[in-house]
Amino acid sequence: MNPHSCQNPRVCAVVLNWNQPDLTLRCLSSLYPLVEWRQLVVVVVDNASTDNSVDRVKAWAADRFSLGNEAEDFGQQPSVYGREWEFLFLRNDENRGYAAGNNVGVRFGLERRGIEYIWILNNDTIVDERALSHLLECATAYPNVGIFGSTVLELDSPALVQCAGGYRYYPALSVVRKCPRRTASE
């Protein structure tokens with residue numbers, strides 16, 4: 001898949017930050033080419049950081065995108081900074097934890113017209129520029145599968161695989177179990 005072939009982003013990447021601007025900015029920098037190629041919209045959710053994360057992420061984004069002003073808070077919605085089809089920065093008023101913090105970003109992604117996939121990334125992730133194309137190829141080839149995962153390599157030793165998936169989700173039980181090993185002939 002040619003990374004330059006998408007006309008509108010179909011994927012929303014959600015990155016959660018809490019007091020780790022260096023990691024988050026490194027992750028965002030690895031995602032930036034995918035935004036430029038219009039494959040991706042990025043939603044950063046700040047989980048009420050108490051350091052300089054908010055200012056640093058906003059400054060990073062302001063250098064790369066034509067962003068609007070920060071909007072006012074609307075009830076339970078976090079404050080929003082950015083443009084819908086490039087970059088959104090959502091700021092929670094309290095630390096909601098990992099799952100609830102990510103869910104804020106997922107909700108915003110699902111509400112955007114045209115978004116077909118949500119890509120949840122830890123902020124310590126550095127994304128290979130081919131990763132999204134490969135994930136989209138798998139999603140196209142297996143439309144009945146609801147969750148895909150990437151191969152995760154060790155940062156300091158990229159030849160070492162940290163995780164390569166191999167789990168199956170059972171929605172009726174709400175559990176994840178390791179898939180049985182199979183031989184190449186199966």
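Side notes on the structure shown:
- Tensor-based shape of region 85-168 (alpha-carbon gyration tensor, a/c under 1.5 rounded, otherwise prolate or oblate): oblate
- Area accessible to solvent at T151, 1.4 Å probe radius, in Å²: 90 Å²
The values are calculated or read from the model by the stated rules, or taken from the named source; none is laboratory data. Computed from a predicted structure; not experimentally measured. Side chains included, ligands, DNA and RNA excluded: accessible areas come from the protein's heavy atoms. Shrake-Rupley method; radii C 1.70, N 1.55, O 1.52, S 1.80 Å.
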